[in-house]
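Here is the structure we will look at, set down as structure tokens.
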Amino acid sequence: MRPLAVEDAVVPQRIWRVAQLLAGSFTLAMLTVFLTEWLSRGSLTDIGDFFLAANRPGLAVCGLVCLVFLLVDGVLGRSHQATLVVMPPLLLLAFMSAQKQNYLPDPLYPSDLLFGRQIGELMPVLVAAHPVQAALTGLGVLGSIVLLVSLWVLSRRHLSKLTVRGRIVRIALALPILIAAVPFLDYTRFYVLRDRLNMIPMMWDQQANYRHNGFLVAFAFNVPMAKVAAPAGYNANAMQAMTPGDTGFGYYPTSRPDIIMVMSESLWDPTRLDGVTFSRDPMPTVRANRSGNIVSPEFGGMTANVEFEALTGFSNAYLPYGSIPYQQYVRRPLPSLATFLRSSGYVAKAFHPFQAWFWNRGTVYPYLGFDSFLSEENLPTMDKRGIFASDESLTKAIIHEADESRDPFFFFAVTLQGHGPYEPNRYARNTIDIESAQLSDSSKAALATYTQGVKESDDSLKKLMDWASSRRRETLIVLFGDHLPPLGTVYTDTGYMPQVVATRRAEPETLKRQHETPLVVWSSRRGVIKDIGAISPSQLPYHIVRLAGLHHPFYTGLLGAVEKRYPIVDRTQLIDPDGVGQMDWQADAAEQDPLLNRYRLLQFDMMFGKTYARDSFFPELRSISNGS
């Protein structure tokens, strides 16, 4: 028998060393995934199943993160130094997702990173509403930075330096596998290996998507969502064969009414809360002139998405989860109320008493056909409620611009006073007393601040209606809330909702309870327009164009047909006039109503496609395209 050579003993030692290094990287990867799940979920619930259940991808996710660690170690040249580069940003994203879900019903999406500047501008009011939490967060951030820098310095001293061969091996092992995994992010295609690893895109239900696949994989699945794929059946022949339901265009009445459309920030009826009494009605004007309700596609925020529907008549239901059209998609002229009304002889102006860059409005409004945009930069100095311009001041500015206009006008205004969070002492005095045995002191203070804002918004509506009543020309006023306010524990304390945020998937009654805001449609000559019912904001253009006595191939044609059959078109619920819903109605395109398919095809054509149907449905866009 041959004696054991030294070289023979070295091989097992090398294998053992490699195994130790891989085990160390995999352990750090597991720790990273565990911490991201804990942070993003806010509890340890279900994390065990995520890692150990046979139908969950937890261990596969750890494997992918381990490969990322190996790749970064190879680039940096030191063992396990990738932990200090990769782990902190992943934990930060998970923490941001948890914080977002304190105010909104969705986890963090990649598109959320586009509006960090907006959050920065709102930071003063966030700090004012939660000063202790803000101070602790600031100290935590500072401590984390100090710790990270210290660990980085120590790692350069104590972590072993990799040989050139060791670096090459790590990169050669990790990089090809990670590159091969990139196509798995395409949720529209089926991959056998992805399926075997139990990574299942659930883009129709993002809560389930993040719960099943884990924060990291679900977040990655949403990266390609910025690209909107063409619906089945989209081509030139199909679009050019599509005929409008209403072939009329323009106006027929002898006089055109002026139109003022006000989207009131977080306007909602707080008297709907159970177990809370108010010393007086905070919204008597809205209540006396209520025409119906808007069923908002959002909750607690994302105002721009509601605005997008209300101005264009298009639906967020046909766009990816987490998308923000104003930030991502509006890059060319789009049909809107402003474009059509301008072509019918109206002056179109937009108003918002904040900075023009917020939600990209300064860029988007010209694409939507507005003549001008009056923002914080060019509006008169306004009285403030906290840091936000008052509704009363904005109403005065609208009236002033209207009095200066000789031509018929379409004014679209987005208010600001009702913006959350609702810090105590925003108002010098709350004029409505609130009583409730269920509310904590902090919840009661937040509700009192919010209710005072509702009262002042209602006063501003009355001022606008009184002014319109004195005018010779008819004025049509449309006012609605963009979404329910982010009142947090007010909802759970009173039992109004089981969570502090609304659910995305719900039966019709629950959906309305958690997403319904008041709608007022009023004419200075005809009074309140009643019985509009509950509608999506995308149906507002139909009602406005119709009430103005105008005709349009899309707004009073196809969109009008949709409104009569499905007044509420939500991402997960399609609700008919009788209140009967179809849950997950987009799951099977083959079974969809052809009317809805036409709606979707037309929206894609105008937003992303070749505008084949432009001349048939939106002839007013020809003048914009021709530069006139």
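Might you tell me the accessible area per residue for region 506-628, computed with a 1.4 Å probe and given in Å²? Let's see the in-between values first.
Working: 4730 Å² over 123 residues.
On a per-residue basis, 38 Å².
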Considering the dipole of the chain built from charges on the beta carbon (Lys and Arg +1, Asp and Glu -1) around the Cα centre, which of Ser336, Gln438, Asn235 is farthest to its positive end? Asn235
The long-range amide H neighbours of Phe354, using H built 1.01 Å from N in the peptide plane and a cut-off of under 5 Å, are Glu376
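Can you tell me how much longer the chain between Arg157 and Thr271 gets when fully stretched, taken as 0.36 nm per residue apart minus their C-alpha distance, in nm with one decimal?
Numbers: separation 114, 0.36 × 114 = 41.04 nm, distance 6.33 nm.
Using 0.36 nm per residue and subtracting the Cα-Cα distance, I get 34.7 nm.
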Over region 357-477, with every protein chain in place, what whole percent of the accessible area is carbon and sulfur at 1.4 Å, could you tell me? 44 percent
Tell me the per residue accessible area of region 292-449 using a 1.4 Å probe; a whole number in Å² is fine. 32 Å²
Which residues qualify? For Ala534, with a placed amide H closer than 5 Å and at least 5 residues away or on another chain, they are Asn293
Given H placed on each backbone N at 1.01 Å, which residues far from Arg385 in sequence or on other chains put an amide H within less than 5 Å of it? Ser390
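Go through 537-546, 271-280 and give me the packing order, highest mean Cβ count within 10 Å leading.
Values: 537-546: 25.2, 271-280: 14.2.
Result, highest mean first: 537-546, 271-280.
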Residues listed by number, region 148-183, amide nitrogen under 17 Å from Arg17 label point at 7 Å toward C-beta: 159-171
Suppose every K and R has +1 on its Cβ and every D and E has -1 on its Cβ; what is the size of the dipole of region 263-335 about the Cα centre, in Debye to the nearest 20? 160 debye
Mean Cβ count within 10 Å, highest first, over the residues of peptides 477-484, 435-442, 329-336, 96-103: 477-484, 329-336, 96-103, 435-442
Sites Lys384 and Lys564 - FRET efficiency at Förster radius 60 Å, r taken between beta-carbons, to 0.05: 0.85
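At a threshold of 8 angstrom on Cα-Cα distance, excluding pairs fewer than six apart, so keeping six or more, what relative contact order does region 45-119 reach in percent?
Numbers: 33 pairs, mean separation 9.2, N = 75.
Reported relative contact order: 12 percent.
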Phi to ³J(HN,Hα) by Karplus 6.51 cos²θ - 1.76 cosθ + 1.60 over region 484-493, Hz, x for Gly, Pro: 5, x, x, 8, x, 5, 4, 5, 6, 4
Taking the simple approach of a point 7 Å from Cα along Cα-to-Cβ for both Arg332 and Ile177, what is their distance in nm? 4.3 nm
Beta carbons within 10 angstrom, averaged per residue: use that to sort the peptides 138-147, 492-501, highest first. 492-501, 138-147
With a Förster radius of 35 Å, plug the Cβ-Cβ distance of Asp441 and Lys530 into 1/(1 + (r/R0)^6) and report the FRET value to the nearest 0.05. 0.30
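As a test of the formula, what do you get for the chain when each DSSP H run with n ≥ 4 contributes -39,500 (n - 2.57) and the sum is divided by the residue count, at 222 nm and rounded to the nearest 500 deg cm²/dmol? The partial results should precede the final answer.
Numbers: 24 runs with 294 residues, N = 628.
After summing the helix terms and dividing by the residues of the chain, the value is -14500 deg cm²/dmol.
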Of the heavy-atom accessible surface of region 519-628 (probe 1.4 angstrom), what whole percent is carbon and sulfur? 44 percent
I want the antiparallel fraction of DSSP beta bridges within the chain, as a percent rounded to 5. 50 percent
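Over region 407-520, what is the mean sequence separation of C-alpha contacts under 8 Å (at least six apart), divided by residue count, expressed as relative contact order in percent? Display every interim value, and only then the final one.
Working: 97 pairs, mean separation 30.0, N = 114.
The value is 26 percent.
In cubic angstrom, how much convex hull volume per residue do the alpha carbon atoms of the chain span? Present the calculation step by step, with values, prior to reporting the outcome.
Details: hull volume 119.8 nm³, N = 628.
Once divided by residue count, the hull of the chain is 191 Å³.
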Could you let me know the centre-to-centre spacing of region 472-528 and region 39-111, using Cα atoms, in angstrom? 36 Å
Probe 1.4 Å, all protein chains in place: accessible area of Ser443 in Å², nearest 10? 0 Å²
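Measure off, as a whole percent, the carbon and sulfur share of the 1.4 Å-probe accessible area of region 132-191, all protein chains present. Kindly include the intermediate steps, with their values, before the conclusion.
Numbers: 3380 of 4570 Å².
C and S fraction of accessible area: 74 percent.
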Under 21 Å between alpha carbons, and skipping anything fewer than 8 positions from Lys610 in its own chain: which lysines qualify? Lys227
If you count only protein heavy atoms and use a 1.4 Å probe, how large is the accessible surface of Trp152, to the nearest 10 Å²? 90 Å²
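Do any of Lys100/Lys444; Lys384/Lys455; Lys384/Lys463; Lys349/Lys384; Lys349/Lys512; Lys349/Lys462 go past 27 Å between their Cα atoms, and which? Each step should come with its number before you reach the end.
Details: Lys100/Lys444 22 Å; Lys384/Lys455 15 Å; Lys384/Lys463 18 Å; Lys349/Lys384 23 Å; Lys349/Lys512 31 Å; Lys349/Lys462 21 Å.
From Lys100/Lys444; Lys384/Lys455; Lys384/Lys463; Lys349/Lys384; Lys349/Lys512; Lys349/Lys462, over 27 Å: Lys349/Lys512.
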Pairwise FRET efficiency - Leu136 versus Gln355, Cβ, R0 = 30 Å, nearest 0.05: 0.55
Starting from the Cα of Met583, step 7 Å along the direction of its Cβ; do the same at Arg473; then give the gap between the two resulting points in nm. 5.0 nm
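The values are calculated or read from the model by the stated rules, or taken from the named source; none is laboratory data. Source: prediction; values computed, not measured. Note that each Cβ is placed from the backbone with ideal geometry, even for glycine, and that neighbours are counted across all protein chains shown. Only protein heavy atoms, including side chains, enter the accessible area calculation; ligands, DNA and RNA are left aside. Shrake-Rupley method; radii C 1.70, N 1.55, O 1.52, S 1.80 Å.
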